[in-house]
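A short write-up of the structure that comes next.
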Amino acid sequence: MGNNNLISQAESAIRNCLNNLSFLSIKEILSEFKQDKVQADLWVKLEGPGSYPDLVVEVKSNGEPRFIRDAVNQLLRYLDYVPNTYGLIVAPFISQRSADICREGGIGYIDLSGNCYLAFQQVYIEKEGKPNTKIENKLLKSLNYPKAERVLRVLLNNPNMTWKTEKLVKEANVSQGMVSKVKQRLDMMEWISVGRSGFQLLNWTDLLDEWQKQYRYSRNKVYNLYSLKSPETIEQDIADYCRENNIPYALTMFSGASRVAPYTRFKRTYAYIDTDIEFLKDALEMKTAPSGPNVTLLLPYDQGVFYGLKEYDGLPVVSPIQLYLDLINNKGRGEEAAQFLLEKVIKAQWS
């Protein structure tokens, strides 16, 4: 059952969805309807020429796939008991996957952001593409923390791998509790399959897409600098300095993309370096550049950015997943390079 405020919003959403139909109108909406084995949040009686089914409505406070699948199954049971009815789900937001689940079950849906789908008799209403404007997606937002992201990097960088909790704890360098929380959230989104041998990431495209929407490159501490040297010389100087001083580092953005999936020429060096960058800047004779920098050094917000790095021509580059996240946040050529990387490298690894 939804709370009273949500029930009221659901009723308004149903009226708004149906009020443009000239041949059909709402006769009555009953709250907390009970009849035999049916206990619905709302029961909508329609009127018009001919006979129209009553709408049996489940109101959910969470529109993620696991909750929607349960609601669809519940409605299908109700429809078996009461003839001439049509099942409808109302939630704050219905994701694309949740919408697919409704359609597959022959159930309609309306969300509070303006998306809807109803198909019965002469009625066909469909509106999609409206963004989530009503509530924050707390489920996905909870994955946007450094330790949780470490788990996501491991899953996305190891296609088709089956994971036991203990193995994933060690690989991601996080606690067992963190792995369990991430697993639970991914399971609720129906992005993993769980079996006796462990669990496996299946819907990697949706996970990566949702992550990149929330990922913020600016969480790193960014140093924009200028050097008189060429990008190739700068990268080699950084490599020599970091190796001599045992400092973790890796190329990213266009510096990394030019090696992993060459797309466009670049004249600027980008690298993660986990050290005092002010000291390194002076050691390599670079200067702070408020405008026109040709070197961008990033002090990482978490060590997880280095997971899965690989050497190209003797220089380490962040994993394709980290590279994609960094590039996609850079409008214009960064987005284009990210899509090229996705098509040429990441999808190929998962195929």
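From the Cα gyration tensor of region 138-211, with a ≥ b ≥ c the square roots of its eigenvalues, which class applies: rounded if a/c is under 1.5, or else prolate if a/b is larger than b/c, or else oblate?
It is rounded, given that a/c, with a ≥ b ≥ c, falls under 1.5.
Nearest 10 degrees is fine. How inclined is helix 176-188 to the longest principal axis of the chain, computing both from alpha carbons?
50
Run the reach check for K181 against lysines, Cα to Cα strictly under 21 Å, same-chain hits fewer than 8 apart removed. What comes back?
Candidates past the 8-residue exclusion: K138, K141, K147, K164, K167, K170, K213.
So which chymotrypsin sites (Phe, Trp or Tyr not before Pro) in region 263-327 pass both tests, a DSSP loop state and at most 16 other Cβ atoms within 10 Å of the Cβ?
In loop regions of region 263-327 (DSSP not H, G, I, E or B), the sparsely surrounded chymotrypsin sites (Phe, Trp or Tyr not before Pro) are Y301.
Roughly how many Å is it from the Cα centre of region 74-89 to that of region 1-43, as a whole number?
14
Need the C-alpha centroid separation for region 46-65 versus region 178-197, integer Å.
Cα centres, region 46-65 to region 178-197: 31 Å.
Only bridges with both residues in the chain count here: give the DSSP antiparallel percent, nearest 5.
70
Under unit Cβ charges (Lys, Arg +1; Asp, Glu -1), what dipole magnitude, rounded to 20 debye, does the chain have relative to its Cα centre?
Roughly 160 debye for the chain.
Pop out the ³J(HN,Hα) list for region 68-81 in order, Karplus 6.51 cos²θ - 1.76 cosθ + 1.60 with θ = phi - 60°, rounded to Hz; leave Gly and Pro as x.
For region 68-81, the Karplus-derived couplings read 5, 4, 4, 5, 4, 4, 5, 5, 4, 5, 4, 5, 5, 7 Hz, x marking Gly and Pro.
List, in order, the whole-Hz ³J(HN,Hα) value for each residue of region 283-297 obtained from phi through the Karplus relation with A = 6.51, B = -1.76, C = 1.60 and θ = phi - 60°; use x for Gly and Pro.
5, 9, 6, 9, 10, 5, 10, x, 9, x, x, 10, 9, 10, 10
Using a ≥ b ≥ c from the Cα gyration tensor of the chain (square roots of the eigenvalues), is it rounded, prolate or oblate, where a/c under 1.5 gives rounded and otherwise the larger of a/b and b/c decides, a/b for prolate?
Prolate is the answer for the chain, as a/c is 1.5 or above and a/b outweighs b/c.
Please report the relative contact order for region 138-211, taking Cα pairs under 8 Å with a sequence separation of at least 6, and give it as a percent rounded to a whole number.
Relative contact order, region 138-211: 34 percent.
Quick check on the exposure proxy: order R243, R219 from fewest to most C-beta atoms within 10 angstrom.
In order of increasing Cβ crowding within 10 Å: R243, R219.
Which of these, P290, P49, P262, has the largest mean-square fluctuation under a Gaussian network model of the chain (Cα springs below 10 Å)?
In this elastic network of the chain, the residue with the biggest mean-square fluctuation among P290, P49, P262 is P49.
When the helices in the chain are scored as -39500 (n - 2.57) per DSSP H run of 4 or longer and the sum is shared across all residues, what 222 nm value do you end up with, to the nearest 500 deg cm²/dmol?
-12000 deg cm²/dmol
Relative to the longest principal axis of the chain, what angle (0 to 90°, nearest 10) does the C-alpha long axis of helix 146-157 take?
With both axes taken from Cα atoms, the answer is about 90 degrees.
Every number here is computed from the coordinates shown, using simple stated rules; none is lab data. Computed from a prediction, not measured in an experiment: that's the story for all the values here. Note that each Cβ is placed from the backbone with ideal geometry, even for glycine, and that neighbours are counted across all protein chains shown.
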